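Trainee: A single structure is presented below for examination.
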Amino acid sequence: MCVCGGVATAQQPDRPNLAIIATPSGSGGELLRLNDGVMPSGNRTPAGNRRQQPRLGTQWVQYDWKQPVAVKEIATYWHSVDGGVPMPKAYHILYWDGSAFVPVKNASALGLQNNQLNKTAFEEIKTNRMRLEVDSTDRGVTPLQEWIVYQTEGTAYPAVITAGIDRDVMLNGKTYLAGVVKSSTPVQQVKWEKVSGPGSVAFSSATDKTGSATFSAPGNYVLSLTAGSGNLASSSTLKVRVATPPPAKRLDVVYTRRYKIDSKLWNDRAKAMIVNWIPFCVDQCERTDLATGQGGLDNFIEAAKALRGEPHGKHKGYVFSNAWVHQTVESMCEALMVDPQGDPEMIAAQQEMQQTLDRWIPIILSAQEPDGYLQTAWTLRDTSRWHQRWSPTESRGNHEGYTAGYFIESAINHYTLTGGKDKRLYNAAKKLADCWVANIGPGKKTWYDGHQEMEQALVRFGRFVNDMEGHQSHGDSYIKLAKFLLDSRGGGSEYDQSHVPVQQQYEAVGHAVRATYNYSGMADVAAETGDVDYQSAVMSLWDNMVNKKYYITGGIGSGETSEGFGGNYSLRNNAYCESCSSCGLIFFEYKMNIAYHDAKYADLYEETMYNALLGSLSLDGKDFTYTNALATAQPRYEWHACPCCVGNIPRTLLMMPTWTYVLGDDGLYVNLFVGSTIRVDKIAGTDVEMVQKTDYPWSGKVNITVNPDQSRAFTVYVRVPNRATSTLYSAVPQVKGLKSISVNGRVFTPKITNGYAAIKRVWKKGDHIDVELPMEIQRVTADERVAADKGKMALRYGPLIYNVEAADQDISKTISNKPLSLKWQPDFLHGVMTINGTWADGSPLLAVPNYARMNRVATTATPQAEQVLAPTRPNEPPSYVERGPVSTVWINSKAENK
């Protein structure tokens, strides 16, 4: 049932309304304003109304109260949505009698008059649950706009209080309070107070449900909001963690330049992307015959014709279709920076990529408007519908910043690819950014994009311009614009994180890709400006996401909301976990790492990279998946009608030098362990070649050779992995710390700070560090509040989460408690370490790394492996109605969750 909001009018409930203090639920649809007590009006579809997929049979909506209420009359308000669907045939009023829902007695009326209150009286009941069951005469039901439950005269009930979202705040900063008080009758008194905490709390107004609070000392606090009086007073609490601010100066970026990979796993994955996936993306971008008119390079060609005043075609595909072209350009630039080491297939693919860039760049630049603006959907727009750029009414959803941001980021890697010798994209990106600066900002235009990306791109580019041209350049103007775009958010919806000002956002909500891009941009702004409100919001968002909404694979987004987050601890295993959201999360965690100089953020982006994102591509690099469920029967596919992830995956994974090292004033931070040779500039006044030799993640042994051009004193900080950064998951045995560390063969006992082992010395060519990380099989269980994982466990080895597949066994069985073992299988799934054990019935259990899942057709015919092909829209990959997964991370277990 679609139950949606309406437009407020003067027609209000004429008596106290108990629905206001109830919690609504239903069989389907959106319960947007069902119990807000505000009547809709007019004969049009209310704002925010969406028609749902039709449902057959009885549908229902329900109210739950915290305590029993006395009721003898209700009212309903039905709206026919312009007559597009018929009114329901009938509805019934039920209440919970302690053991079942039963009908109320002697109900009168049960009216179904359109666009007016329909009152119904019945014998008085006392209950804590009421339900409306609706009989449909068609495949759709007219939305129920409002359901009033009249308070019986002579009764009174406490208000329902929500103090707010648990959050973090920086010491010397303030947290913004937004308490909610719902009452059927006027509330006379409101009061905030400290319940517990190590210091004092000062409220801007202790008698106002909104306002702010400041704290005198770091630590954990509990605040209480009380409303009402006497026996009718009620209260709610929220937790606040007061933290010390990050260091005043952030760490510095190591830009991706030419580098060599020396890792069986990463060489294999890089080759698959370079030889197969990126060339396929190029071919798709150059096509003009896709069934849905999906646009690619052809839009740039037609936009250039329009700018020259020549006859031209219409824009094809989504307004954001430029994005996958820009992503593919960036991916090609990064692919060309990978040393092919004589591999003929890689050399041939890279030669093709260079020719493609030579062909594409003039085409892309020819579509740039004279003032620098670039979006082909604008240049080729329908002028009867889109009259101006950056219009809050016309273009909020037109992805102007989303596409511009990807173009700017592609320019960075093209510049580093050419060593600054080819500045065509770089100069065009500056021209585009300058165009935005000239038109948006204080005293100009206030605007924000419905899909974030420009914000993080502007900060990334601002830093890059300053680093390439010196801090007297105008890169700071791009960073200021990024903050202005973020500051302009508010008054919108949770879907695109514009519901409240970003400084007051404490919970990860809405579309997961938009969210991570938003939070990444916020983290950037916080690191650049030191804005305490930004720091507090960013830490709160990180805390909420990682400790309440984070999958064990490092993925995010349950898909319960549109491509987005569900509630706290709501982590169903048929998760959405969009590949783009994994890319965004890696950027967000990376920004937190450079802001806080703390290894735990690198722990997390390593987890996302190895488990959620790496496995989005098939092992041969010929298929991908838009979503990454933890339990699934859906295979990968070649393409998607919305290919926003196709270039994002390789452009993120191939930025290896950036993820592996970070620069500080006093030295270099080692964040990832990947066999590689990477050159890092300007460490203590000299350039340094860093060489890693390791089989990680199969082995915990890592050899790091430090080759400075000139001998210099500095510190090398080596990450000490922590496999328990998210409090959502606990593992047995615990694996932490270092097994050993030595410098030039001598055992060394380092000081470990913020997860890094610090080694300070005068480094000369050939100096080397030998590290051994503990690597054991772990059995992982989830927080008991994660309902989907009760009675289940997952297997982890190092950073890798493992998966059992129906291709090898019946995965509906229960795992035994017998010991598990490791086996290196060089010819299996391109070479993997498998985990081997037994199921409870004694049959063999085989688990493979999650990134290698779904690369084989199931050979074991079990009911759990059945798939039924479901119809899809044109040019979309097949979807499957799953009667059970053929691949799953969470395994049935006798172990109890802790």
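Trainee: Name the single residue, out of those in the range 230-248 being in contact with a helix residue (DSSP H, G or I) (Cβ under 9 Å, 6 or more places away or on another chain) and not in a strand (DSSP E or B), that is surrounded by the fewest Cβ atoms within 10 Å (Cβ to Cβ).
Mentor: Across the range 230-248, the extreme among qualifying residues is P247.
Trainee: Condition first: under 24 Å from K316 (Cβ atoms), in contact with a helix residue (DSSP H, G or I) (Cβ under 6 Å, 6 or more places away or on another chain) and not aromatic (F, W, Y). Can you find one or more residues in the range 341-348 that meet it?
Mentor: no
Trainee: May I ask you to list the residues in the range 425-477 that are polar (S, T, N, Q) and either over 20 Å from I412 (Cβ atoms) or more than 30 Å from the chain's Cα centre (by Cα) (or both)? So that I can check it myself, show each step before the final result.
Mentor: Step one: filter the range 425-477 for residues polar (S, T, N, Q), giving 427, 439, 446, 452, 456, 466, 472-473, 477.
The answer is N427, N439, T446, Q472, S473.
Per-residue answers, yes or no, for (1) hydroxyl-bearing (S, T, Y); (2) in contact (Cβ under 8 Å) with a residue 40 or more places away in the chain; (3) buried (at least 24 other Cβ atoms within 10 Å of the Cβ):
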{"site": "V538", "(1), (2), (3)": "no, yes, yes"}
{"site": "T553", "(1), (2), (3)": "yes, yes, yes"}
{"site": "S558", "(1), (2), (3)": "yes, no, no"}
{"site": "N573", "(1), (2), (3)": "no, yes, no"}
{"site": "E578", "(1), (2), (3)": "no, yes, yes"}
{"site": "C583", "(1), (2), (3)": "no, yes, yes"}
{"site": "I586", "(1), (2), (3)": "no, yes, yes"}
{"site": "M592", "(1), (2), (3)": "no, yes, yes"}
{"site": "D598", "(1), (2), (3)": "no, yes, no"}
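Trainee: Across the range 803-832, what is the total count of residues that are part of a strand (DSSP E or B) and touching a Lys or Arg at 6+ places or on another chain (Cβ under 7 Å)? Steps first, answer last, please.
Mentor: Taking the range 803-832 as the starting set, the residues that turn out to be part of a strand (DSSP E or B) are 803-805, 814-815, 821-825, 832.
The next check asks that each one be touching a Lys or Arg at 6+ places or on another chain (Cβ under 7 Å); those that pass are 803, 805, 814.
Residues in the range 803-832 being part of a strand (DSSP E or B) and touching a Lys or Arg at 6+ places or on another chain (Cβ under 7 Å): 3 in total.
Trainee: Of the residues that sit in the range 617-632 and are in contact with a helix residue (DSSP H, G or I) (Cβ under 7 Å, 6 or more places away or on another chain) and of a type outside the set (F, W, Y), which one is surrounded by the most Cβ atoms within 10 Å (Cβ to Cβ)?
Mentor: Of the range 617-632, the ones in contact with a helix residue (DSSP H, G or I) (Cβ under 7 Å, 6 or more places away or on another chain) are 617, 619-622, 624-626, 628.
Imposing the further condition that a residue be of a type outside the set (F, W, Y) reduces the set to 617, 619-622, 625, 628.
Working: L617: 25, L619: 20, D620: 14, G621: 21, K622: 14, T625: 24, N628: 28.
Top of the filtered list is N628.
Trainee: May I ask you to say which residue of S536, S562, S558, S570 is in the same structural domain as Q456 (by TED's automatic domain parsing) and part of a helix (DSSP H, G or I)?
Mentor: Working: S562 fails: part of a helix (DSSP H, G or I); S558 fails: part of a helix (DSSP H, G or I); S570 fails: part of a helix (DSSP H, G or I).
Result of the check over S536, S562, S558, S570: S536.
Trainee: Among the listed residues L336, L425, L417, L432, identify the single one that is in contact with a Cys (Cβ under 7 Å, 6 or more places away or on another chain), among the aliphatic types (A, V, I, L, M), over 20 Å from K314 (Cα atoms) and not assigned by TED's automatic domain parsing to the domain that holds T677. Even if it seems obvious, please write down each step before you answer.
Mentor: Values: L336 fails: in contact with a Cys (Cβ under 7 Å, 6 or more places away or on another chain); L425 fails: in contact with a Cys (Cβ under 7 Å, 6 or more places away or on another chain); L432 fails: in contact with a Cys (Cβ under 7 Å, 6 or more places away or on another chain).
Answer to the check: L417.
Trainee: Six or more apart or on different chains, Cβ atoms under 6 Å: show the pairs whose first residue is in the range 698-717 and within 24 Å of Y851 (Cβ to Cβ) and whose second is modelled with pLDDT of 95 or more and of a type in the set (V, I, T).
Mentor: V702/T694; V702/V771
Trainee: Give me the pairs, please: first residue somewhere in the range 470-497 and over 15 Å from V459 (Cβ atoms), second residue anywhere and in a helix (DSSP H, G or I) and modelled with pLDDT of 95 or more, beta-carbon distance under 7 Å, and either six or more positions apart or on two chains.
Mentor: R489/V502; D496/R514; Q497/R514; Q497/A515; Q497/N518
Trainee: May I pose another question? Hey, could you check the range 332-368 for residues that are among the β-branched types (V, I, T) and crowded, with 21+ Cβ neighbours inside 10 Å and say which is nearest to L380 (Cα to Cα)? Spell out the reasoning first.
Mentor: The initial filter retains those residues of the range 332-368 that are among the β-branched types (V, I, T), namely 338, 347, 356, 361, 363-364.
Applying the additional criterion that residues be crowded, with 21+ Cβ neighbours inside 10 Å yields 338, 364.
Numbers: V338: 37, I364: 14 Å.
So the residue we want is I364.
Trainee: Residues to consider are T753, T725, T705, T749; find the one that is touching a strand residue (DSSP E or B) at 6+ places or on another chain (Cβ under 6 Å) and not hydrophobic (A, V, I, L, M, F, W, C).
Mentor: T705
Trainee: Go through the range 528-582 residue by residue and tally those that are of a type in the set (A, V, I, L, M, F, W, C) and closer than 20 Å to K174 by Cβ. First the steps, then the outcome.
Mentor: First pass over the range 528-582, keeping only residues of a type in the set (A, V, I, L, M, F, W, C): 532, 537-539, 541-542, 545-546, 552, 556, 565, 571, 575, 577, 580.
Going one step further and asking which of them are closer than 20 Å to K174 by Cβ, we end up with 532, 537-539, 541-542.
Final tally of qualifying residues: 6.
Trainee: Restricting attention to the range 283-296, and to residues there that are in contact (Cβ under 8 Å) with a residue 60 or more places away in the chain and surrounded by fewer than 22 Cβ atoms within 10 Å (Cβ to Cβ), which single residue is nearest to G675 (Cα to Cα)? Quick ask: steps written out before the conclusion?
Mentor: Step one: list which residues in the range 283-296 are in contact (Cβ under 8 Å) with a residue 60 or more places away in the chain, which gives 284, 290-292, 294-295.
Filter once more, keeping what is surrounded by fewer than 22 Cβ atoms within 10 Å (Cβ to Cβ): 284, 290-292.
Details: Q284: 32, L290: 40, A291: 43, T292: 43 Å.
Here the answer is Q284.
Trainee: So which residues in the range 701-718 are touching a Leu at 6+ places or on another chain (Cβ under 9 Å) and either farther than 11 Å from I683 by Cα or not in a strand (DSSP E or B) (or both)?
Mentor: Residues of the range 701-718 that are touching a Leu at 6+ places or on another chain (Cβ under 9 Å), as a first pass: 701-702, 706, 714-718.
Passing the criteria: K701, V702, V706, Y717, V718.
Trainee: Filter the range 436-483 for residues that are assigned to a helix (DSSP H, G or I) and of a type in the set (S, T, Y); which is surrounded by the most Cβ atoms within 10 Å (Cβ to Cβ)?
Mentor: At the first step, the residues of the range 436-483 found to be assigned to a helix (DSSP H, G or I) are 436-439, 454-469, 475-483.
The next check asks that each one be of a type in the set (S, T, Y); those that pass are 477-478.
Numbers: S477: 18, Y478: 26.
Result: Y478.
Each row is one residue, and each column tells you yes or no for (1) hydroxyl-bearing (S, T, Y); (2) out of contact with any Pro (no Cβ under 9 Å at 6 or more places or on another chain); (3) modelled with pLDDT under 95.
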residue: M793; (1), (2), (3): no, yes, no
residue: G798; (1), (2), (3): no, no, no
residue: I811; (1), (2), (3): no, no, no
residue: L820; (1), (2), (3): no, yes, no
residue: D827; (1), (2), (3): no, yes, no
residue: G837; (1), (2), (3): no, no, no
residue: R853; (1), (2), (3): no, yes, no
residue: V857; (1), (2), (3): no, no, yes
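Trainee: Also: Can you name every residue in the range 223-251 that is farther than 24 Å from H597 by Cα and within 28 Å of the chain's Cα centre (by Cα)?
Mentor: Of the range 223-251, the ones farther than 24 Å from H597 by Cα are 223-239.
The answer is T237, L238, K239.
Trainee: Is it the case that some residue within the range 545-554 is more than 21 Å from T658 (Cβ to Cβ), part of a strand (DSSP E or B), in contact with a His (Cβ under 8 Å, 6 or more places away or on another chain) and of a type outside the set (A, V, I, L, M, F, W, C)?
Mentor: Within the range 545-554, none of the residues are more than 21 Å from T658 (Cβ to Cβ), part of a strand (DSSP E or B), in contact with a His (Cβ under 8 Å, 6 or more places away or on another chain) and of a type outside the set (A, V, I, L, M, F, W, C).
Trainee: Applying the selection to the range 122-154, what residues are at pLDDT 90 or above, closer than 18 Å to W78 by Cβ and of a type in the set (A, V, I, L, M, F, W, C)?
Mentor: M130, L132, W147, I148, V149
Trainee: Is the range 303-316 home to any residue that is assigned to a loop (DSSP other than H, G, I, E, B), crowded, with 18+ Cβ neighbours inside 10 Å and either of a type in the set (V, I, T) or in the same structural domain as P370 (by TED's automatic domain parsing) (or both)?
Mentor: Residues of the range 303-316 assigned to a loop (DSSP other than H, G, I, E, B): 308-316.
Cutting the leftovers down to crowded, with 18+ Cβ neighbours inside 10 Å gives us 315-316.
Among the residues that remain, those that are also either of a type in the set (V, I, T) or in the same structural domain as P370 (by TED's automatic domain parsing) (or both) are: 315-316.
The answer is yes; a qualifying residue exists.
Trainee: Outside any helix (DSSP H, G or I), outside the structural domain of P799 (by TED's automatic domain parsing) and crowded, with 24+ Cβ neighbours inside 10 Å - does that describe any residue in the range 606-616?
Mentor: In the first step, residues of the range 606-616 are kept if they are outside any helix (DSSP H, G or I); the result is none.
Among the residues of the range 606-616, not one is outside any helix (DSSP H, G or I), outside the structural domain of P799 (by TED's automatic domain parsing) and crowded, with 24+ Cβ neighbours inside 10 Å, which makes the answer no.
Trainee: Which of the numbered conditions does A641 fail, given that it passes all the others? Conditions: (1) modelled with pLDDT under 95; (2) more than 21 Å from V771 (Cβ to Cβ); (3) surrounded by 20 or more Cβ atoms within 10 Å (Cβ to Cβ).
Mentor: Single failed check for A641: (3).
Trainee: On to the next question. Confirm whether P849 is modelled with pLDDT under 95 and surrounded by 15 or more Cβ atoms within 10 Å (Cβ to Cβ).
Mentor: On the way: modelled with pLDDT under 95: no; surrounded by 15 or more Cβ atoms within 10 Å (Cβ to Cβ): yes.
Considered against the rule, which asks whether it is modelled with pLDDT under 95 and surrounded by 15 or more Cβ atoms within 10 Å (Cβ to Cβ), P849 comes out as no.
Trainee: Quick one: in the range 369-408, which of the residues that are of a type in the set (V, I, T) and in a helix (DSSP H, G or I) is surrounded by the most Cβ atoms within 10 Å (Cβ to Cβ)?
Mentor: Applying the first criterion (of a type in the set (V, I, T)) to the range 369-408 yields 376, 379, 383, 393, 403, 408.
Next, from what is left, pick out any that are in a helix (DSSP H, G or I): 376, 379, 403, 408.
Values: T376: 28, T379: 21, T403: 28, I408: 30.
Once the filter is applied, the top-ranked residue is I408.
Trainee: Taking only the range 743-759 into account, find how many residues are more than 37 Å from the chain's Cα centre (by Cα) and either crowded, with 18+ Cβ neighbours inside 10 Å or not aromatic (F, W, Y) (or both). It would help to see each step written out before you state the result.
Mentor: Residues of the range 743-759 more than 37 Å from the chain's Cα centre (by Cα): 743-749.
Still in the list and also either crowded, with 18+ Cβ neighbours inside 10 Å or not aromatic (F, W, Y) (or both): 743-747, 749.
Number satisfying all stated conditions: 6.
Trainee: Listed residues Y495, Y519; which is within 18 Å of the chain's Cα centre (by Cα), crowded, with 20+ Cβ neighbours inside 10 Å and under 24 Å from L571 (Cβ atoms)?
Mentor: Values: Y495 fails: crowded, with 20+ Cβ neighbours inside 10 Å.
Just one listed residue meets the conditions, Y519.
The values are calculated or read from the model by the stated rules, or taken from the named source; none is laboratory data. Since the model is a prediction, treat every value here as computed from it, not as a measurement. Here the Cβ is made from the backbone with ideal geometry for all residues, glycine too, and neighbour counts use every protein chain on show.
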